[in-house]
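Read through the structure below, which is laid out as C-alpha cells, and then see the notes.
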2 protein chains.
Amino acid sequence: MSNNGGERDPALVQSVDRAVAVLELLARNGEAGITEIAAELGVHKSSASRLVYTLQARDLVEQDGERGPFRIGIGMLRFAGAVTGQLDYVRVGGPVCSELADRLGETVNIAVLDSGVALNVSQARGSSAVAAQNWVGQRTPLHATSSGKVLLAAASEEDQERVLAGDLESCAPRTITDPVKLRYVLRRTAEDGFATCMEELEAGLHAVAVPVFGSHGDVVAAISAAGPAYRLSQKRMPEIVEELRLASRDLSVRMGHPV
Amino acid sequence: MSNNGGERDPALVQSVDRAVAVLELLARNGEAGITEIAAELGVHKSSASRLVYTLQARDLVEQDGERGPFRIGIGMLRFAGAVTGQLDYVRVGGPVCSELADRLGETVNIAVLDSGVALNVSQARGSSAVAAQNWVGQRTPLHATSSGKVLLAAASEEDQERVLAGDLESCAPRTITDPVKLRYVLRRTAEDGFATCMEELEAGLHAVAVPVFGSHGDVVAAISAAGPAYRLSQKRMPEIVEELRLASRDLSVRMGHPV
DNA sequence: CCCTCCGTTGCGTATTACGGAACATGGTGT
DNA sequence: ACACCATGTTCCGTAATACGCAACGGAGGG
C-alpha cells in the first residue's frame with residue numbers, strides 16, 4: 001500500500017532507497033521481521049535480509065537477541081544529534097514541551113513548516129494514561145492539524161494558495177476538504193492567533209495550536225496540545241490557549257528572540 | 001583515514017554501506033560538498049552525487065539553497081523519534097538531566113556503552129553562559145571521558161583489555177594514553193563509584209560521572225556533569241558526585257529499576 | 001516427533017550501480 | 001571583461017553487484 005506507485009526515478013540508487021524504506025517502515029511499525037519487511041517493500045526475503053544486515057552492521061538497526069524482530073538502532077542517535085545541532089527547536093523545545101505537558105496533562109508538540117507539510121520536531125507526553133503515539137519526525141498535512149493551520153495561516157499567499165489548490169486529502173470524517181471553508185478557517189486563525197482541530201486528523205482526537213515567533217515577528221514554528229475529544233472540550237480551549245501562549249513566549253525567549 | 005582498512009564484508013550491500021558512510025561523514029563534519037564526500041569515501045564524484053541525491057529525496061540530507069554544502073536533513077528526526085520510543089534513557093533521561101543541570105548550573109549528559117565507545121543519548125545545558133556544545137549522539141572515546149571510564153570500569157574483563165590493548169588516542173594534553181595507568185584508574189573508578197576527567201578530552205574541560213544501575217545491579221549507563229576547569233574544581237567534586245548519585249538513583253527508579 | 005514458520009546462505013544471472021569523461025554553472029583572479 | 005578553476009550533474013558502456021530463486025538450518029507449536 002505504501003509502495004512506489006509505479007514510476008521510479010532512475011537516478012535513485014535503488015538499494016539505498018530501499019534501505020531508507022526499511023528504516024521508515026521500522027520507524028512506523030516500531031518493529032518488524034524480515035518476512036514482513038520483504039512483503040512490505042515488495043522485494044525478496046534475501047534482499048531484505050541483506051539490507052537489514054548492512055544497516056545492522058552500522059548500528060542503524062538492532063534486534064532483541066539473536067533471533068527477534070528488528071527495530072531502529074541506537075546508532076541513529078548520532079545523526080539525530082547532527083540535526084539538532086542546526087535545528088534548535090529540538091534541543092530548546094524539549095524542556096518547554098515537558099513542562100507544558102506536565103501542567104496540561106496532555107501531549108504537547110512543536111512543529112515547523114517543511115516543504116508543504118507540518119513536521120513535528122519535539123514532543124512530550126502528557127501524564128494521562130491514554131496511549132499517545134509518538135509524532136516526532138512525522139509529517140502531517142497542513143489542512144488537517146492545528147499546527148498545520150497555524151503555520152499555513154502565517155505562510156505567504158502563494159504557499160497558501162498552492163495548498164488550497166492541491167489535494168485536501170480526507171484523513172478523518174471531519175477533515176476540511178473544501179478550499180473555500182479552509183480559506184475562511186485560515187483567516188480566522190490569523191485573526192485569533194490560534195487554531196483548533198476537532199477530529200479532523202483522527203476520530204476522537206482534538207488539538208489546539210498557537211504560533212511561535214522568531215526574532216522578526218515571523219512565525220517560525222507552532223506549539224500544540226492534543227488529546228482525546230472528551231478531554232479537550234470546546235470550553236476548555238481558552239485555558240489551554242493561554243497556557244500555550246505562555247509556552248510559546250517562553251520558547252521564543254529561550255531561542256534568543258526577545259518579544 | 002576513516003576508510004575501510006581493506007577487507008569488506010561481501011555480505012554487505014555496498015551502496016547502502018556507502019550511503020551510511022556519507023551520513024556519518026556529514027554528522028561528523030557538519031557539512032560537506034560532493035567532491036569532499038567522494039574523496040573521503042574513495043569513490044567517484046558521480047557515485048557520491050547519486051548517493052546524496054537519493055538521500056536527499058528521502059529528506060535525510062539537505063542543502064542550503066540550490067548550490068551549497070550538504071548536511072543531515074530534518075527527515076532524520078523521524079528515525080530519532082523511533083529510537084526514543086524504545087530507548088528509555090532519552091525520554092526518561094531528559095527531565096533528570098534538566099533538573100540536575102539546573103541545580104548544578106553545568107551541562108549534564110547521559111551516556112551508554114555502544115560498540116566500544118561511549119554514546120551520549122541525552123543532554124541538558126547548564127544555566128551558565130559558557131558555550132557548551134551539543135554532545136547528543138556523539139561517540140566519545142572510553143578512555144578520555146568520565147562517562148567512558150565509568151562504563152568501561154563496569155565492563156567485562158575482556159572488553160576492558162580490548163580497549164587497553166587498542167589505540168589510546170590522545171585527545172588533549174592530559175589524555176591517559178598509558179595502558180598501565182588507565183588500568184589503575186579503572187580500578188579506582190570501580191572502587192570509588194565515580195570517575196573524573198580533567199582536561200583529558202579537551203583543554204579546559206573537566207567532568208565527573210557516576211554509574212546508573214539497571215534492575216540487576218548492572219551498570220546500564222553513566223550520568224556526567226561537565227564544565228570549564230575553573231568551575232569544576234577538585235574540591236567541588238564531592239558535592240557534584242553526591243548530586244550525580246541522587247540523579248542516578250532517580251533515573252534508575254524512573255526506568256523501573258527500584259534500588 | 002513432525003510440521004510450520006522464519007531467517008540465512010549459495011549460486012547464476014542480468015539488473016544495477018559504478019567510473020570515466022564531457023558538460024554545465026558559478027565564483028575568482030588577473 | 002575574460003579566462004580559469006572548482007564544483008556538481010549528465011550521459012554511456014561495462015562489469016561488478018545486488019537481486020531473486022531455492023535449498024538449508026533452527027525455533028517454536030501442535
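Once the C-beta distance of B:Lys181 and A:Ser49 is scaled by a Förster radius of 45 Å, the resulting FRET efficiency is 0.50 to the nearest 0.05.
Charges were assigned to the Cβ only: +1 to each Lys and Arg, -1 to each Asp and Glu. The resulting dipole of chain A about its Cα centre is roughly 300 debye. For the range A:104-259, averaging the sequence separation of C-alpha pairs within contact (under 8 Å, six or more residues apart) and dividing by the residue count gives a relative contact order of 22 percent. When B:Arg103 is represented by a point 7 angstrom out along its Cα-to-C-beta vector, the spacings to that point in the other copies are 2.3 nm, nearest first. Taken about its Cα centre, the protein assembly as shown carries a charge dipole of roughly 340 debye when the Cβ of each Lys and Arg holds +1 and the Cβ of each Asp and Glu holds -1.
Here is the P(r) of the range A:87-254: all C-alpha pair distances, binned every 10 Å from 0, give 11, 45, 36, 8, 0 in whole percents. Per-residue mean of foreign Cβ neighbours for A:17-24 is 5 (Cβ atoms of other chains, 10 Å radius). Using θ = phi - 60° in the Karplus curve 6.51 cos²θ - 1.76 cosθ + 1.60, the 3J(HN,Hα) couplings for the range B:178-183 round to 8, x, 5, 5, 5, 4 Hz; x is entered for Gly and Pro.
Averaged over A:96-105, how many beta carbons belonging to a partner chain fall within 10 Å of each residue's beta carbon?
1
Kindly identify the range B:14-77 as rounded, prolate or oblate by the Cα gyration tensor criterion: order the square roots of the eigenvalues as a ≥ b ≥ c, call it rounded if a/c is under 1.5, otherwise compare a/b with b/c, prolate if a/b is larger, else oblate.
Verdict is rounded for the range B:14-77.
Put B:His216, A:His44, B:His143 in order of accessible area, highest first, and with a 1.4 Å probe you get B:His216, A:His44, B:His143. In loop segments of the range B:133-192 as defined by DSSP, the GluC sites (Glu not before Pro) with at most 11 further C-beta atoms inside 10 Å of their C-beta are B:Glu169. Exposed loop positions in chain A were taken to be trypsin sites (Lys or Arg not before Pro) whose DSSP state is not H, G, I, E or B and which have at most 11 other beta-carbon atoms within 10 angstrom. Between these positions, the longest stretch is A:68-259.
Scalar couplings 3J(HN,Hα) for the range A:68-82, obtained by applying the Karplus form with A = 6.51, B = -1.76, C = 1.60 to θ = phi - 60°, are x, x, 9, 9, 4, x, 4, x, 5, 4, 3, 6, 4, x, 5 Hz; x denotes Gly and Pro. When the residues A:Thr196, A:Thr140 are ordered by accessible surface, computed with a 1.4 Å probe over the protein chains alone, the sequence from largest down reads A:Thr196, A:Thr140. B:Asp178 label point (Cα plus 7 Å toward Cβ) to equivalent points in the other copies: 8.2 nm, shortest first. A 1.4 Å probe run over the protein assembly as shown, with the rest of the protein chains in place, finds 46 Å² accessible per residue. Under 27 Å of direct C-alpha separation, and excluding same-chain neighbours fewer than eight residues apart, B:Lys235 reaches these lysines: B:Lys149, B:Lys181. Using a 1.4 Å probe on the protein heavy atoms only, what accessible surface does B:Leu244 show? Give it in Å² to the nearest 10. The value for B:Leu244 is about 0 Å². The Cα center of the range B:16-41 and the Cα center of the range A:219-259 differ in position by 39 Å.
Calculated mean residue ellipticity at 222 nm for chain A: -14000 deg cm²/dmol, from DSSP H runs with n ≥ 4 weighted as -39500 (n - 2.57), summed, divided by the residue count and rounded to 500. Angle check, please: helix A:14-29 long axis (alpha carbons) against the longest principal axis of chain A (alpha carbons), in degrees 0 to 90, nearest 10. Rounded to the nearest ten degrees, it is 60.
Residues whose amide H comes within less than 5 Å of that of A:Thr107, counting only those at least five positions distant or on another chain, are A:Gly126, A:Ala226 (H built at 1.01 Å from N in the peptide plane). As a calculated quantity, the FRET efficiency between B:Arg231 and B:Glu191 at R0 = 35 Å, using C-beta atoms, amounts to about 0.85.
Taking 12 Å as the straight-line reach from the Cα of A:Lys45, the aspartates and glutamates in range (excluding those fewer than 8 positions away in the same chain) are A:Glu36.
DSSP loop GluC sites (Glu not before Pro) in the range A:6-81 with at most 14 other Cβ atoms within 10 Å of their Cβ, which ones? Here the GluC sites (Glu not before Pro) that fit, given the DSSP loop and packing criteria, are A:Glu7, A:Glu66.
Within 10 Å of the Cβ of each residue in A:137-146, the mean number of Cβ atoms contributed by other protein chains is 2.
If R₀ is 25 angstrom, what is the calculated FRET efficiency for the pair B:Ala11 and B:Ser115, using the beta carbon separation as r and rounding to 0.05?
Efficiency, rounded to the nearest 0.05: 0.85.
Taken over the protein assembly as shown, the alpha-carbon convex hull comes to 166 cubic angstrom per residue. At the residue level, A:Cys171 shows approximately 50 square angstrom of accessible surface with a 1.4 angstrom probe and all protein chains present.
Axis of helix B:88-104 versus longest Cα principal axis of chain B: the two differ by about 60°, to the nearest ten degrees. Element breakdown for chain A at a 1.4 angstrom probe: carbon and sulfur atoms account for 49% of the accessible area.
Taking all protein chains together and rolling a 1.4 Å probe, A:Ser47 ends up with roughly 40 Å² accessible. A cut-off under 10 angstrom between Cβ atoms defines the neighbours of A:Gly73, and their net charge, with Lys, Arg +1 and Asp, Glu -1, is -1.
Counting Lys and Arg as +1 and Asp and Glu as -1 over every other residue whose Cβ lies under 13 Å from the Cβ of B:Thr175, the net charge comes to -3. Rounded to the nearest 20 debye, the dipole magnitude of the range A:14-78 is 160 debye, with +1 charges on Lys and Arg beta carbons, -1 on Asp and Glu beta carbons, and the Cα centre as origin. Of the listed residues A:Glu199, B:Glu99, the order by accessible area with a 1.4 Å probe, largest first, is B:Glu99, A:Glu199.
The values are calculated or read from the model by the stated rules, or taken from the named source; none is laboratory data. The structure presented is a predicted model; accordingly, all values stated were derived computationally and were not measured. As a convention, Cβ positions derive from the backbone with ideal geometry for all residues, glycine included, and neighbour counts pool all protein chains shown. Ligands, DNA and RNA are stripped out before the accessible areas are found, and what is left, the full protein with its side chains, is counted by its heavy atoms. Shrake-Rupley method; radii C 1.70, N 1.55, O 1.52, S 1.80 Å.
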